[in-house]
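Enquirer: The structure follows.
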Amino acid sequence: MRNRTAALLICFFGGGFGIHKFYLGMNVQGILYLFFSWTLIPGIISFFEFLGLCFMSDREFDARFNYIIPEILDRASSYPVVPPSRSTKDATSTLYELKKLYEDGIITAEEYEIKRRKMLDDI
């Protein structure tokens, strides 16, 4: 999982050579930055990318570079989760209700899987 602070530091110190592009998973752009680093153009571009990373929120960074979809996590967090202190019977009934929501098309497969895994981890 990529870290925004690490990306900022790498962009600041190695942006002219495209090191931050390799860190963020953009290998082709990283190679282009490295190839054209003698022209100082990648250094100028990386300065503006550094500013963009500075003002980017953590949610947006995760969505762009860690491939976490915030909307799915927001919607999935509104469904019931069994606290660890509840019995197995309560957990089973909640899993059944969650499965029914998925079968009725109210929640997506991703939302169902996120909540199911969280509930099973809490048991």
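Enquirer: Describe numerically, in nm with one decimal, the distance between label points set 7 Å from Cα along Cα→Cβ at Arg2 and at Arg59.
Expert: The modelled label-to-label distance comes out at 2.0 nm.
Enquirer: By how many nm would the segment from Leu51 to Leu101 lengthen if fully extended, with 0.36 nm per residue of separation less the alpha-carbon distance? Walk me through the numbers on the way to the answer.
Expert: Working: separation 50, 0.36 × 50 = 18.00 nm, distance 4.29 nm.
Gain on stretching Leu51 to Leu101: 13.7 nm.
Enquirer: Oh, and also: Using a simple charge model, +1 on the beta-carbon of Lys and Arg, -1 on the beta-carbon of Asp and Glu, nothing else, what dipole does region 4-65 show about its Cα centre, in debye to the nearest 20?
Expert: 60 debye
Enquirer: Hey, another quick one. Whole-Hz ³J(HN,Hα) for each residue in region 37-44, computed from phi via Karplus 6.51 cos²θ - 1.76 cosθ + 1.60 with θ = phi - 60°, x for glycine and proline: what do you get?
Expert: Values per residue, Gly and Pro as x: 5, 5, 8, 6, 5, x, x, 5 Hz.
Enquirer: Along the Cα→Cβ direction, 7 angstrom out, place labels at Ile44 and Arg117. What is the inter-label distance in nm?
Expert: In this crude spin-label approximation the distance works out to 4.4 nm.
Enquirer: Under 18 Å Cα-Cα from Lys100, which aspartates and glutamates qualify once same-chain neighbours fewer than 8 residues away are excluded?
Expert: Once the sequence-local aspartates and glutamates are set aside, what remains near Lys100 is Asp90, Glu110, Glu111, Glu113.
Values in this text are rule-based calculations from the coordinates and carry no lab data. This is a predicted model, so every value here is computed, not measured. When we count neighbours, we look across all protein chains shown, and the Cβ atoms used for this are built from the backbone with ideal geometry, even at glycine.
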